[in-house]
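First the structure, in the form of structure tokens, and then the observations on it.
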Amino acid sequence: MVMRTHVLEIWKALRTSAVVVMLPLSTWAQGGGAVWEYGPVMNQTRIYAYTAALDDGRQIVFGGRESGFISCSYADVFNYESNSFTAFEMNYPRDAAAVVKMNDGRFFLAGGGYDYGIAPGYQDAEVFDPADNTFSYVGELFIPRMQCAGAQLADGRVLIAGGWYNPDGAAVAELFTPSMSLFSMTGSMNTPRAAPVVLPCNDGGALVFGGWPTYGGDLYTSVEYYDAVNNTFSEFSSELIPEDPGWLVHSSTESRPIQEKVMFDGRYLFKAYRNTPVFEWALIAFDPDTKTFERISLDAGLTDGPPEGFYDLVLDAGGHMAYLLGYTYETTPYPVCLVSVDLHTGHVYMPETSFTLGAGEWIMGTMSWNRVTEKILFTGISWSGADYFNGSNLTYIIEPDYRYTVDMETIAEWNLSVYPNPAHDQVQIELPPEGNWMLLVTDMFGNRVWQQSGNGKEILVMPTGLWPAGMYLLTAEHNGRLQTMKIQVVH
């Protein structure tokens, strides 16, 4: 818990000069908590795709269901500079597949359903490398799977769990070792599941929760733990929050990398709902240190306004703001809105009005935050709310009314110097010779990469040779004063 405490202390100090600002509305503004406009069309029609932000600022949409309920075998990459999509063919269709962003920036993809959602699905796996936009075949799972999910563990292996209409896939998980392209089996899961959520823990294991029975049924409230040392599963708890029971996380709308769910303090954020004693929505955070879930305290109810429910949740690049895509039940044309939540204070920015989608449009997709434009890409518009056969290639670009910003002029400067920058194998950080200091490096998604603290050291060497090339943010604290600096790593 020491690392997370330091992170919280930094942001507590930074909070004194951080504000949430309301952006001026453009001529596109039509209410609903954001500026809504059509984005460029994708090359493929699709709904229920998996969307991810790439480290270079692009965004990628993997697979999904094409019009006609055909499993999509293409990825569409969005380039914000050209405002266009480029299609890349995958080795296999990926509908309801496991997609995992690995620590080196590549993506592991496995399984996925056949056309029309027919199970048990594909058995093949591949890796996407954003550096050259290539998909490379890496072998077969032991068990064909769809409605599966995964996460990379601390030792580098990828854990894959879940199976739809497939008792074997639902009951047993698998491991993929990227360095050897090797697959292996785990012990039996405590509860067979389709469509689970898999979360890595800081002790090297993982929690698996949510999902439903392999042949369908109610969402599970139970949580189980995967022990990476003994390769076994065990029951962890019967509820996400045992002292506040009933909360459910619907994994079908969790179609983005877990790295994009990380809050400013290192916890993972989810939207959850429960039916009793009354129907309500909440934000729930998972702490990978303590392996506990906690309800985020908010100053207003999430449905104290236009939305009756929420379809999706996305965080900004630093994990400071949460944006929930709200909707109104059984109403056409379809009204939606964007509810903004300041995760530092719990303040809810509730829009007074809704935005009405185009005639015949329904949402069946995922939001993705662009860290460069600070706008949201939404993909997955269907021409029908009743089936999976009418996906479109439409997209929306959503600019929130509220964004988190820091007024650096109000933070007292001190003599922080970093060189060389850009860096290759290492950088030297020049610090004040006296007083306590702490350094924290995060990637552009807010993930902690490196941290160190000390007292009175003038020159500190920070190794960067094993870091993936890209941009990083250094936050330095000295005697209660803060400074931030971007560091570029090249190889």
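We did not get these values from a lab; they are worked out from the coordinates using the rules stated. Remember, predicted model here, so these are calculated numbers, not experimental data. All Cβ positions, glycine included, derive from the backbone under ideal geometry; neighbour counts span all protein chains shown.
5 Å is the cut-off here: which amide hydrogens, built 1.01 Å from N in the peptide plane, fall below it relative to T292, excluding neighbours closer than 5 in sequence?
Residues meeting the amide H criterion: D287.
Greater than 21 Å separation of Cα atoms is the criterion. Which listed pairs, K101/K261; K101/K486; K271/K486, meet it?
Violating the 21 Å limit, Cα to Cα: K101/K486; K271/K486.
Per residue of the range 201-213, what does 6.51 cos²θ - 1.76 cosθ + 1.60 with θ = phi - 60° give for ³J(HN,Hα)? Whole Hz please, x for Gly and Pro, Karplus curve as stated.
10, 6, 8, x, x, 7, 9, 10, 8, x, x, 8, x
Rounded to the nearest angstrom and ordered from largest down, what semi-axes does the equivalent ellipsoid of the range 259-397 get from its C-alpha gyration tensor (root of 5λ)?
Details: eigenvalues 134, 65, 41 Å².
After scaling each eigenvalue by five and taking roots: 26, 18, 14 Å.
Relative to the Cα centre, what is the charge dipole magnitude of the chain, using +1 at the beta carbon of each Lys and Arg, -1 at the beta carbon of each Asp and Glu, and rounding to the nearest 20 debye?
Numbers: 26 positive and 56 negative charges, 41 e Å.
It comes to approximately 200 debye.
Determine ³J(HN,Hα), in whole Hz, for all residues of the range 394-405 in sequence, where each value follows from phi through the Karplus function 6.51 cos²θ - 1.76 cosθ + 1.60 and θ = phi - 60°; x replaces Gly and Pro.
Along the range 394-405, the couplings run 6, 9, 10, 10, 10, 10, x, 5, 10, 9, 8, 9 Hz.
At q = 0.19 Å⁻¹, what is the base-10 log of I(q)/I(0) for the range 34-105 according to the Debye formula with one equal point scatterer per Cα and no solvent? Please give it to two decimals.
-0.80
If you average 1/r over all unlike Cα pairs in the range 122-271 and invert the result, what Kirkwood radius do you get in angstrom?
Working: mean 1/r = 0.0631 Å⁻¹.
Evaluated over the range 122-271, this radius sits at 15.8 Å.
If amide hydrogens are placed 1.01 Å from N in the peptide plane, which non-local residues have theirs closer than 5 Å to the one on G139?
A125
Of all alpha-carbon pairs in the range 25-404, indicate the percentage at a distance above 38 angstrom. Walk me through the numbers on the way to the answer.
Details: 8112 of 72010 pairs.
Of the Cα pairs, 11 percent sit more than 38 Å apart.
Below 8 Å between Cα atoms, with a sequence gap of 6+, how large is the relative contact order for the chain in percent? Please report the intermediate quantities before stating the final value.
Numbers: 1363 pairs, mean separation 71.6, N = 491.
Reported relative contact order: 15 percent.
What are the ³J(HN,Hα) couplings of the range 139-155, residue after residue, when phi is run through the Karplus curve with 6.51, -1.76, 1.60 and θ = phi - 60°? Round to Hz, x for glycine and proline.
Couplings: x, 10, 5, 5, 10, x, 9, 9, 6, 10, 8, x, 7, 8, 7, 4, 8 Hz.
Grab the DSSP H runs of the chain that are 4 residues or longer, score each as -39,500 (n - 2.57), total them, divide by all residues and round the 222 nm result to the nearest 500 deg cm²/dmol.
Details: 2 runs with 18 residues, N = 491.
Using -39500 (n - 2.57) per qualifying helix, the result is -1000 deg cm²/dmol.
Points 7 angstrom from Cα along the Cβ direction at W450 and E308: gap in nanometres?
5.3 nm
What GluC sites (Glu not before Pro) in the range 54-111 are in a loop by DSSP, with at most 15 other Cβ atoms within 10 Å of the Cβ?
Listed in order of number, the matching sites are E81.
Kindly put F233, F142 in sequence by how many other C-beta atoms sit within 10 Å of each C-beta, fewest to most. Could you put the intermediate results ahead of the total?
Working: F233 23, F142 15.
Ascending Cβ contact count within 10 Å gives the list F142, F233.
Around G365, which amide H atoms from residues at least 5 apart in sequence, or from another chain, sit under 5 Å from its own amide H, with H modelled in the peptide plane?
The answer is Y48.
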